[in-house]
Number of protein chains: 2
Amino acid sequence: MFPRTLFAAIGIGVLAVAVAAIVVARPSTTVHAAAPSLPAYTPKGELLPPANYREWIYLTSGIDMSYSPKDNGMDHSMFDNVFVNPEAYQGFLKTGTWLDKTVMVLEVREAKSKGSINVRGHFQGAGVMDFEVHVKDEARFPGKWAFFSFDSDKGNGTLIPTGAPCYTCHAAHAAVDTTFVQFYPTLLPVAHAKGTLSPSFLKEEMSDGK
Amino acid sequence: MFPRTLFAAIGIGVLAVAVAAIVVARPSTTVHAAAPSLPAYTPKGELLPPANYREWIYLTSGIDMSYSPKDNGMDHSMFDNVFVNPEAYQGFLKTGTWLDKTVMVLEVREAKSKGSINVRGHFQGAGVMDFEVHVKDEARFPGKWAFFSFDSDKGNGTLIPTGAPCYTCHAAHAAVDTTFVQFYPTLLPVAHAKGTLSPSFLKEEMSDGK
């Protein structure tokens, strides 16, 4: 089980898809694999975990990010790494926003300090501490996007109900299409150039005097 | 120009390649692009900058890592992100070590704290502060590997002479084939499983009581 402290606090969340093999039984036993980076679900509506998100496109990492001025009480630091499926990334470079079937993964890892010859700062530990996914699936979700939480990186993801803090925070503050592109250093300039920044984000930027 | 403070200190370094277009003039004007993730050099021996390393495989990020107990005197924090060309990554998964023509990129970015709705921790700024590359090119370099430093992410890389601290530190402490796999959370278990950890690293691990 993952500790469940970071989702509401960090909320950059997103994840992951799966290698959904579609077996065509007739006239032969040919197996067609679905594109490995499209979202796939169980009959119950759970999201299958992405098998190969570490080979997707890396967007950014943060450490101990929080949107609350209150101390989160953690006695250790955590890195969060964000990945997106390659098709969605290429679409963003062209349009400044996200295609349908975008899948974003938030992978949380312990920030270690002492290890090997490192004596200062932090590096990333081997264990995944939390794992969350943000999926754009326009035909499936009324708000086009949904968040899924995972108990492990092997199990399926549970749909977080609309109305949870992650949805309202992303809707209110995200720079592009309910995603925190303001924290993705290679994509923010694209959104600026394409004019796809949200009105609420532009208003926040103005009020910050930027 | 980049500040040149991190290479010796962090030394995870590696880099980058380039889209070297080979124009075949006869019998037609067909253009063949070389594989975009293989190392390419100028006639002077400079390394061409990698055009698309952000679409390579992400290995890890650190923040303010240092191998010296002395304070580095920086008044700001820095993230370092490490990428490797996809062919090398796939080779590592199979063998636990690096193929010839491995190219590793170290990209350094400012760690920002206040921005948008973030109030704690750090996220990555838009500007690349430093950029370094570690290349395995067995026929070209006597020690098989070489480090290149870059003044910007657009210019060519300058070969760092053998004997510089990065070479001796990597040779003495790196977990696999002069690279700091001990800081790459998804690859360290592979090296363990394949038995490719260096004797010096294993000795250090033993002496740390791990």
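For the range A:99-127, the tally of residues that are without any contact (Cβ under 8 Å) to a residue 40 or more places away in the chain and assigned to a strand (DSSP E or B) stands at 11.
Matching residues to (1) in contact with a Ser or Thr (Cβ under 7 Å, 6 or more places away or on another chain); (2) modelled with pLDDT of 90 or more; (3) of a type in the set (A, V, I, L, M, F, W, C); (4) surrounded by 16 or more Cβ atoms within 10 Å (Cβ to Cβ):
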residue	(1), (2), (3), (4)
B:G157	yes, yes, no, yes
B:V181	no, yes, yes, yes
B:L187	no, yes, yes, yes
B:K203	no, yes, no, no
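For the range B:154-170, a residue qualifies if it is within 14 Å of chain A (Cβ to nearest Cβ) and either within 17 Å of B:L48 (Cβ to Cβ) or within 15 Å of the chain's Cα centre (by Cα) (or both), and the qualifying residues are B:C166, B:C169, B:H170. Residues of the range A:174-189 that are within 11 Å of another protein chain (Cβ to nearest Cβ) and outside any loop (DSSP other than H, G, I, E, B): A:V181, A:Q182, A:F183, A:L188, A:P189. Scanning the range A:131-153 for residues that are farther than 15 Å from A:L48 by Cβ and either within 14 Å of another protein chain (Cβ to nearest Cβ) or not in a strand (DSSP E or B) (or both) yields A:E138, A:A139, A:F141, A:P142, A:G143, A:K144. Selection within the range A:129-145: residues that are in contact (Cβ under 8 Å) with a residue 60 or more places away in the chain and hydrophobic (A, V, I, L, M, F, W, C). The member of this set that is farthest from B:L188 (Cα to Cα) is A:V135. A single entry from B:D177, B:D151, B:D208 fulfils the requirement of being modelled with pLDDT of 95 or more, among the acidic types (D, E) and in contact with a strand residue (DSSP E or B) (Cβ under 9 Å, 6 or more places away or on another chain): B:D177.
Do we have A:D130 as within 21 Å of B:I117 (Cβ to Cβ), among the acidic types (D, E) and modelled with pLDDT under 95 here? In short, yes.
With respect to the conditions (1) surrounded by fewer than 18 Cβ atoms within 10 Å (Cβ to Cβ); (2) at pLDDT below 95; (3) within 12 Å of chain B (Cβ to nearest Cβ), A:M65 lacks only one, and its number is (1).
One residue alone among B:D177, B:D137, B:D151 is of a type in the set (D, E, K, R) and within 20 Å of B:T60 (Cα to Cα), and that residue is B:D177.
Please determine whether any residue of the range B:87-104 is of a type in the set (D, E), over 15 Å from the mean Cα position of the chain (by Cα) and modelled with pLDDT of 70 or more. For the range B:87-104, residues of a type in the set (D, E), over 15 Å from the mean Cα position of the chain (by Cα) and modelled with pLDDT of 70 or more: absent.
When the range A:77-124 is filtered for residues that are charged (D, E, K, R) and either more than 25 Å from A:S66 (Cβ to Cβ) or more than 8 Å from chain B (Cβ to nearest Cβ) (or both), the ones remaining, listed by number, are A:D80, A:E87, A:K94, A:D100, A:K101, A:E107, A:E110, A:K112, A:K114.
Return yes or no: is B:V133 under 30 Å from B:E205 (Cα atoms), of a type in the set (A, V, I, L, M, F, W, C) and surrounded by 15 or more Cβ atoms within 10 Å (Cβ to Cβ)? So B:V133 passes the test.
B:E55 passes every criterion in (1) facing chain A (nearest Cβ under 8 Å); (2) under 12 Å from the mean Cα position of the chain (by Cα) apart from (2). Among residues of the range B:30-58 that are under 28 Å from B:P185 (Cα atoms) and of a type in the set (S, T, Y), none has a beta-carbon under 9 Å from a residue that is at pLDDT below 90 and loosely packed, with under 13 Cβ neighbours inside 10 Å at least six positions away or on a different chain.
The values are calculated or read from the model by the stated rules, or taken from the named source; none is laboratory data. Every value quoted in this text rests on a predicted model; they were computed, and no experiment measured them. Positions of Cβ are generated from backbone atoms using ideal geometry, with glycine treated the same way; all protein chains shown enter the neighbour counts.
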